[in-house]
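The values are calculated or read from the model by the stated rules, or taken from the named source; none is laboratory data. Predicted model, so just to flag it, every value in this text is computed and none were measured. Positions of Cβ are backbone-derived with ideal geometry, glycine not excepted, and every protein chain shown enters the neighbour counts.
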Amino acid sequence: MLRKDLLHILTGNPMTVAALARLLAMKPAEVADDLEHLFKSVRHTEHEAVVDPAVCKKCGFAFSPETLRKPSKCPECKGSWIADPKISFRLGNGKDERTR
């Protein structure tokens, strides 16, 4: 799987690392490593990386958008009911707090 294929799959289509790993028949750690490299590569293109951070479904705590993998526990309520972060790419220069 080439990183440009990841960019094509994720442009306008938010997915979790786990879902992307299943789709590509890869290990989640490999996908996360490729995504980290892709984030650095797209800084010099018209694409922007967008990360919807992991969120605790119990208390609503939002984790850092820097974390691509699902945390095991919430630091606020110690709950483990956590929504996976979703990663996507978009075209344009509209920066907001979720872009990397």
Can you run down the residue pairs with Cβ atoms below 8 Å, 6 or more apart or on separate chains, where the first is in the range 44-69 and over 14 Å from Phe89 (Cβ atoms) and the partner is hydroxyl-bearing (Ser, Thr, Tyr) and in a loop (DSSP other than H, G, I, E, B)?
Pro53/Ser64; Pro53/Thr67; Ala54/Thr67
Checking Leu7 against (1) touching a His at 6+ places or on another chain (Cβ under 8 Å); (2) surrounded by fewer than 12 Cβ atoms within 10 Å (Cβ to Cβ): exactly one of these is not met. Which one?
(2)
What do you reckon, is Lys86 of a type in the set (D, E, K, R) and buried (at least 17 other Cβ atoms within 10 Å of the Cβ)?
yes
Every residue in the range 1-48 that is of a type in the set (Val, Ile, Thr) and modelled with pLDDT under 90, please.
Val42, Thr45
Just to be sure I understand the filter: pairs with C-beta atoms under 7 Å, separated by 6 or more residues or on different chains, first member in the range 16-43 and free of Cβ contacts under 8 Å to residues at least 24 places away in the same chain, second member outside any helix (DSSP H, G or I) and surrounded by fewer than 15 Cβ atoms within 10 Å (Cβ to Cβ). Which pairs pass?
Ala21/Lys27; Leu24/Met1
Residue by residue through the range 60-87, note down the ones that are closer than 24 Å to Leu35 by Cα and in contact with a Ser or Thr (Cβ under 7 Å, 6 or more places away or on another chain).
Ser72, Lys73, Asp84, Pro85, Lys86
All positions within the range 23-56 that are farther than 18 Å from Lys4 by Cβ and surrounded by 13 or more Cβ atoms within 10 Å (Cβ to Cβ)
Pro28, Val51, Asp52, Pro53, Ala54, Val55, Cys56
